[in-house]
Amino acid sequence: MDQSLNDAEAFLKQKIKINPLKDQMIQNQKNYEVQLQVAHYFKKSDAYTKKSAIKLMSNENDDLLVYFIFGEHIPDQTRKQDYESFKIDVIETMHPRIDKFFIIVFFNTNMMTASTLNDFKDFYGTLPEKYFFHMKNFIVLHANFIVKGGGIFGMNEIKSFFKKITTFADTLLILSKEEWFRYKMLAALPESVKAYDQSYKDIENQRKKTVLRKQQTQQAVGDDDIDSDDNFDKDSKILGLNLHEYERNKYGIPVILDMLVQYFEKQPQKLKTEGIFRKQAALYEEKVVEAALACQKVGFVNKVENAHTIACVFKQFFLKLKEPLMTYQLYDWVVQNKPQIEQNLEVSVQMLFDYMPEMNREILLFSLGFLYSVIREQEDNLMTTYNMAVVFGPNFFRSEVVKMADLGHVTLFVQIVQIMLEQKKDYDYKKMLEKRSDNLNFDASLVPFLPDDLANLDDILDMVSDKNVINETERKELKARYK
């Protein structure tokens with residue numbers, strides 16, 4: 001779709017969101033002209049300028065602008081001149097760029113109530129329509145339980161608008177996963193935020209690793225032009241994405257699932273491993289396999305000695321999906337219709353297949369067919385249909401918000417997966433595998449700027465996201481095993 005059409009579509013969606021505010025927006029525009037004139041002559045108070053509450057964090061030429069607003073730096077309204085300074089600061093910062101789409105991140109750090117956030121929204125409600133049209137998201141970081149519980153949402157139309165576009169992030173580490181996030185943004189954070197949220201150290205550790213990778217890559221490929229911070233802000237990530245974000249083979253199956261299944265296809269004796277998919281493996285081995293998958297080193301994956309390691313990564317793929325294979329909507333449908341479903345499980349299971357998104361259904365069928373090939377070896381591996389359902393029920397189904405009540409539904413989800421396995425036991429999953437060479441190059445989109453000849457174990461180990469997972473003894477053991 002043409003970018004201009006995308007912009008038009010986004011604009012229309014925003015227009016629909018703020019339509020109830022139309023009359024208020026007209027009055028706001030008139031008042032705003034006065035505010036702009038005041039801003040031109042107004043001198044912000046010295047007390048406020050020492051701790052400005054709003055900062056533009058993105059580059060001026062970015063398609064999407066990002067503003068940070070620090071709640072603890074917003075003056076109390078009783079300090080009238082300081083609060084006016086804050087309002088003028090917001091206008092001066094946003095007005096020159098207000099025709100571009102933007103995101104606001106509101107730092108609710110150290111706020112005991114929702115009053116500061118409410119005050120900001122009241123002020124924002126006095127601004128003209130462009131401030132609403134172009135806001136794509138309003139993220140509240142470090143929201144307390146009052147804010148999350150709905151205390152920030154009043155009955156007026158302004159706050160109703162905010163309710164529609166507000167999301168929450170508990171930590172800076174979660175925020176760093178956003179596409180727009182850049183490492184340099186950490187430098188602008190007040191010390192109070194860093195003291196409150198220690199996860200910024202995890203981001204810094206990731207940064208050190210990506211900088212090292214950048215230096216190694218420059219040496220390997222002789223390219224001194226690889227110097228953009230943006231290219232190295234993101235750690236290579238192979239688990240924890242949405243399904244549609246994964247590279248898929250020509251049959252629509254995520255490549256990493258294809259690779260994991262082919263490990264067993266090429267070594268069918270591994271299917272007989274006792275407790276396969278039930279027993280755990282060493283975490284450091286799982287991390288190494290994840291790194292090998294990220295750069296599609298089929299040859300390395302196929303050399304893994306411990307079948308439990310491959311089986312655990314297969315489970316982790318489903319467990320860590322941003323939205324589970326059986327979507328949150330399907331989970332809620334099962335819970336809401338639990339009595340009727342329990343009375344007619346087989347029909348209900350077929351309905352679940354029918355209701356699933358097509359991509360999810362194809363991946364589920366592929367997985368069920370493969371898992372039943374494991375069940376066929378149950379005399380050796382002791383993995384019956386029920387045992388497999390116990391393992392994969394929680395991996396396929398989970399609620400969006402974890403509650404104690406979820407425990408009461410576990411048995412039903414196990415029964416559903418058990419019936420799915422029986423119903424689809426003859427599904428030909430092998431037709432959805434794609435032949436590939438053991439020397440297949442990695443996908444550069446997953447692991448940016450790594451050399452094409454990445455093949456030795458040291459390079460694979462260097463990609464492990466948490467260096468503390470693998471100590472030197474374990475590294476030597478792995479190198480000896482996979483020579």
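Per residue and in cubic angstrom, what volume does the convex hull of the Cα atoms of segment 320-379 have?
Working: hull volume 6.9 nm³, N = 60.
Taking only Cα atoms, segment 320-379 has a hull volume of 115 Å³ per residue.
Can you bin segment 33-118 into rounded, prolate or oblate? Criterion: square roots of the alpha carbon gyration tensor eigenvalues sorted a ≥ b ≥ c, rounded for a/c under 1.5, prolate for a/b above b/c, oblate for the rest. Let's see the in-between values first.
Working: a/c = 2.02, a/b = 1.14, b/c = 1.77.
It comes out oblate by the Cα gyration axes.
If you average the alpha carbon positions of segment 351-409 and of segment 185-201, how far apart do those two centres end up, in angstrom?
First find each Cα centre; the distance between them is then 40 Å.
Rounding to the nearest 20 debye, state how big the charge dipole of segment 256-408 is about its Cα centre with +1 on each Lys and Arg Cβ and -1 on each Asp and Glu Cβ.
Details: 16 positive and 19 negative charges, 84 e Å.
The dipole magnitude comes to about 400 debye.
Can you work out ³J(HN,Hα) from phi for every residue in segment 423-430, in order, using Karplus 6.51 cos²θ - 1.76 cosθ + 1.60 and θ = phi - 60°, giving whole Hz and x for Gly and Pro?
5, 10, 5, 9, 5, 7, 6, 5
Compute the signed sum of charges (Lys and Arg +1, Asp and Glu -1) over the other residues within less than 9 Å, Cβ to Cβ, of Leu64.
Numbers: positive: Lys100, Lys136; negative: Asp62, Asp63, Glu179.
Charge balance in the 9 Å sphere: -1.
Over 30 Å between C-alpha atoms is what I'm after, so list which of Lys80/Lys184; Lys184/Lys303; Lys44/Lys130 land there.
On the way: Lys80/Lys184 33 Å; Lys184/Lys303 40 Å; Lys44/Lys130 24 Å.
In this structure, Lys80/Lys184; Lys184/Lys303 lie more than 30 Å apart at Cα.
From the mean inverse distance of alpha carbon pairs (Kirkwood) and the Cα radius of gyration, derive Rg over Rh for segment 89-172. The partial results should precede the final answer.
Values: Rg = 12.6 Å, Rh = 13.3 Å.
Expressed as Rg/Rh, it is 0.95.
Considering only protein heavy atoms, what per residue accessible area in square angstrom results for segment 276-357 with a 1.4 angstrom probe? Write out the running numbers ahead of the final one.
Details: 3260 Å² over 82 residues.
It amounts to 40 Å² per residue over segment 276-357.
Lys43 accessible area, nearest 10 Å², 1.4 Å probe?
Surface accessible to solvent at Lys43 totals approximately 150 Å².
Using amide H atoms built in the peptide plane, which far-off residues or other-chain residues are under 5 Å from Arg248 H to H?
Here the answer is Val255, since their amide H atoms fall under 5 Å of that of Arg248.
Using each residue's phi in segment 354-370, evaluate 6.51 cos²θ - 1.76 cosθ + 1.60 at θ = phi - 60° and report the 3J(HN,Hα) Karplus result to the nearest Hz, with x for Gly and Pro.
5, 7, 5, x, 4, 4, 4, 5, 5, 5, 5, 4, 4, 5, 5, x, 5
In whole Å, what three semi-axes, largest first, describe the equivalent ellipsoid of segment 367-424 built from its Cα gyration tensor (square root of 5 times each eigenvalue)? Write out the running numbers ahead of the final one.
On the way: eigenvalues 113, 23, 16 Å².
Each semi-axis is the square root of five times an eigenvalue, giving 24, 11, 9 Å.
Students often get this wrong, so check it: of Lys297/Lys430; Lys272/Lys315; Lys272/Lys430; Lys194/Lys287; Lys136/Lys322, which have C-alpha atoms separated by over 23 Å? Let's see the in-between values first.
Numbers: Lys297/Lys430 21 Å; Lys272/Lys315 18 Å; Lys272/Lys430 18 Å; Lys194/Lys287 28 Å; Lys136/Lys322 21 Å.
Too far apart for the 23 Å limit: Lys194/Lys287.
Got a number for carbon plus sulfur as a percent of segment 245-304's accessible area, 1.4 Å probe? Could the numbers behind the result be given before it?
Details: 990 of 2110 Å².
Carbon and sulfur together cover 47 percent of it.
If I take R0 = 51 Å and measure r between the Cβ atoms of Lys50 and Lys430 in this structure, what FRET efficiency does the formula 1/(1 + (r/R0)^6) give, to the nearest 0.05?
On the way: r = 67 Å, r/R0 = 1.32.
Working from the Cβ atoms, E equals 0.15.
The values are calculated or read from the model by the stated rules, or taken from the named source; none is laboratory data. Only a predicted model underlies this, so the values are computations on that prediction, with no experimental measurement involved. Note: ideal-geometry Cβ built from the backbone for every residue, glycine included; neighbour counts use all protein chains shown. Only protein heavy atoms, including side chains, enter the accessible area calculation; ligands, DNA and RNA are left aside. Shrake-Rupley method; radii C 1.70, N 1.55, O 1.52, S 1.80 Å.
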